[in-house]
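Take a look at the structure below.
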Amino acid sequence: MTSEHKRTLCRIASAVVLTVAALFLRIEGMPRLAAFCVPYLIAGYDVLWGALRNIIRGQVFDERFLMTVATVGAFAVGEYPEAAGVMIFYQIGELFQSIAVGRSRRSIAELMDIRPDHAVVLRGDEEITVSPDEVSAGETIIVRPGERVPLDGEIISGATAVDSSALTGESLPVEKNTGDMIYSGSVNLTGLIRVRTTGEYGESTVAGILELVSDASDRKSRTESFITRFARWYTPCVVAGAVLLALIPPLAFSQPWGDWIRRALIFLMVSCPCALVVSVPLTFFGGIGCASRRGILVKGAEYIETLAKTDTVVFDKTGTLTKGVFKVNAVHPNEISADSLLDIAAAAESHSNHPVGASIVAAHGGHIDNSRIGFIREISGKGIEAEIDGEVYTVGNGTLMDDSGAEWHQCHLTGTVIHVARGSRYLGHIVISDAVKPDSAQAVAELRKLGITRTVMLTGDGEKAAQAAAAETGVDEYRSQLLPAGKVSAVEELISEGRKTAFVGDGINDAPVLARADVGIAMGALGSDAAIESADVVLMDDSPSKLPAAIRIARRTMSIVKQNIVFSLVVKAAILLLAALGKTDMWVAVFGDVGVMIITVLNSARAMLKTR
């Protein structure tokens, strides 16, 4: 509990003691009105001042205005204990709200603690401690055991175990050796390492995450926006309704003024929309905080709402359902030797950063003489055209072979098949395999249990490789040999069928599809600026099992939002009706306002709890 909370609690306790004293003790010479005014002002001076200040600013209709009018009116009709009690209970409700919001903010603040305080940079032979903002790309930093890694970089000496739980939600340490990438925000556990930075702090993983989380709470969902608009119109309407309730019966039907003014004051008190205005944003904020602790970054409340409604999940294959670590499985030459076929393919792929190309270069293993290469031209979604030793070769999929006029044929092995041709002369193909991630099938099964009615896998691979991956992961359907535009068309087709579609990809090559889906989810995005930029939801590690967890958190958050809305409206409607009929008193009105707010705020706090 903060010092501010303690001060508020002391005010409430003082007001309660003085109210009880005013009820049971009579002080000689002190009017009853004055006896109750003292605890009323102790509990509610800030409410009265806030209402007056907002009236001066032209912002009349808010909860402080309603509380002020209702309690001052209660004093006017002689209900002194009720007036003091209402203000005390209102402050109790505000205290509960403040504590709940504080807990929710602390859950986000825990993630903010991943920001490194300093960096030890090696300049010449001297170790200098500076702010991470002062380190340039390409400099060498030293990270000792127990220290947080300040910037992204490559380990150039040393080995260690790294705790990346603040980034990925994964509690197990990860072994890192010379040549491995290491990311800012993770903690060096065991060994001293030297790291060559790959960018400045503003471009680092931790900076991108902190900016994303900071912005997330400012992006409202459709439900939040509706509640805000609802409160803006609702409050003036109920004030007008209370005025009519106080005036029409006495003026038109000669009813007693005191009774109807009392009913109008109860009506005003109950109608305060603070339970909705407070609990709905608080629930979304708690859901975002809960997800962030699991290594699931949601860019705003609107995406929590969309994710909860998702009924169709579309996966990219490579790097999402599969490991994306390719290995040459077979070389099948036609007219030339296997070594020559692999040599041509490796030369063509030597400047490619695609995992398939990297696997071919790795399988070649030898030195590639760049002087042999005249030009290399990448053909999107098809492969590469390259001039090698004065001859033009095409290296890629069957569509590229068709374009070059080569008479190619399918391979009997399962995997990604890379064909090679010189002009229109077919030279053979290379088979590359990519293993399915261990938890992909489990993730798809869990999605089915969650009621996801359709799972689809999209890939640029051939029919056999796609069919094998689909069978192993258990997706409902797959579509193979797709160009990037074909993936976008496939998602658009599902959306046109009225399905709420989530697309899960690696966030680097899938930016157009991530942007087109109802909700784009980037997986394995640790260190990837492209993923953080293009996706609506970011899963910070490579585990597909994080996706069902994200959907569970989103659905639980929306369930709590709906519970709060229904409970608030039903209780308030019932008490408003009773108030208009004169069947209730000010204490029931206190429950209708403050009691409902406390219950909804406590219910909202459940959104911060971890799911399985």
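The values are calculated or read from the model by the stated rules, or taken from the named source; none is laboratory data. Note that this is a predicted model, so its numbers are computed, not measured. With ideal geometry, Cβ positions are generated from the backbone for all residues, glycine too; neighbour counts draw on all protein chains shown. Keep in mind that these areas ignore ligands, DNA and RNA; they rest on the heavy atoms of the full protein, side chains included. Shrake-Rupley method; radii C 1.70, N 1.55, O 1.52, S 1.80 Å.
For L192, the requirement of being at pLDDT 90 or above and not β-branched (V, I, T) is met. Residues in the range 480-505 that are open to solvent by 30 Å² or more (accessible area, probe 1.4 Å) and either closer than 21 Å to A435 by Cβ or assigned to a loop (DSSP other than H, G, I, E, B) (or both): Q481, L482, L483, E497, G498, R499, K500. Cβ separations smaller than 6 Å between residues 6+ apart or across chains give the following pairs from the range 116-142 residues that are over 16 Å from T198 (Cα atoms) to residues that are of a type in the set (S, T, Y) and exposed (fewer than 12 other Cβ atoms within 10 Å of the Cβ): H118/T129.
Selection within the range 581-594: residues that are touching a residue at least 24 places away in the same chain (Cβ under 8 Å) and not β-branched (V, I, T). The member of this set that is farthest from L244 (Cα to Cα) is W587. Residues in the range 562-590 that are surrounded by fewer than 17 Cβ atoms within 10 Å (Cβ to Cβ) and at pLDDT below 80: D585, W587.
Has the range 411-421 got any residue that is surrounded by 15 or more Cβ atoms within 10 Å (Cβ to Cβ) and closer than 20 Å to V314 by Cα? Within the range 411-421, not a single residue is surrounded by 15 or more Cβ atoms within 10 Å (Cβ to Cβ) and closer than 20 Å to V314 by Cα.
Would you check which residues across the range 406-440 are under 19 Å from I388 (Cβ atoms) and among the small types (G, A, S) and list them? Answer for the range 406-440, where residues must be under 19 Å from I388 (Cβ atoms) and among the small types (G, A, S): A406, A421, G423, S424, G428.
Does E407 satisfy the condition of being surrounded by fewer than 24 Cβ atoms within 10 Å (Cβ to Cβ), among the charged types (D, E, K, R) and in a loop (DSSP other than H, G, I, E, B)? Judged against the criteria, E407 is a match. Just one of (1) farther than 28 Å from F375 by Cβ; (2) polar (S, T, N, Q); (3) in contact with a helix residue (DSSP H, G or I) (Cβ under 9 Å, 6 or more places away or on another chain) fails for N334. It is (1).
I452 satisfies every condition listed in (1) in a helix (DSSP H, G or I); (2) touching a strand residue (DSSP E or B) at 6+ places or on another chain (Cβ under 8 Å) except (1).
All of V135, V149 fail the test of being open to solvent by less than 50 Å² (accessible area, probe 1.4 Å), under 27 Å from the mean Cα position of the chain (by Cα) and at pLDDT 90 or above, apart from V149. Of A445, A435, A466, all but one fail to be open to solvent by 20 Å² or more (accessible area, probe 1.4 Å) and assigned to a helix (DSSP H, G or I); the exception is A445. At pLDDT below 90, surrounded by 12 or more Cβ atoms within 10 Å (Cβ to Cβ) and not aliphatic (A, V, I, L, M), is that true of T394? No: the conditions fail for T394.
Note on the range 239-263: residues that are touching a Gly at 6+ places or on another chain (Cβ under 9 Å) and within 17 Å of A573 (Cβ to Cβ) amount to 1. Where strands (runs of 3 or more DSSP E) fall wholly inside the range 263-374, the ranges with 1 or more residues that are open to solvent by 20 Å² or more (accessible area, probe 1.4 Å) and either within 30 Å of K449 (Cα to Cα) or at pLDDT below 85 (or both) are 322-333. Picking from residues in the range 375-389 that are open to solvent by 60 Å² or more (accessible area, probe 1.4 Å) and part of a loop (DSSP other than H, G, I, E, B), the one that is modelled with the lowest pLDDT is S380. Of the numbered criteria (1) at pLDDT below 95; (2) of a type in the set (A, V, I, L, M, F, W, C); (3) buried (at least 16 other Cβ atoms within 10 Å of the Cβ), the one A471 fails is (3).
Looking at S292, S271, just one residue is farther than 30 Å from L494 by Cβ and either touching a Phe, Trp or Tyr at 6+ places or on another chain (Cβ under 7 Å) or touching a residue at least 24 places away in the same chain (Cβ under 8 Å) (or both), and that residue is S271. Entry remark, the range 244-262: residues being buried (at least 19 other Cβ atoms within 10 Å of the Cβ) and small (G, A, S) number 1 in total.
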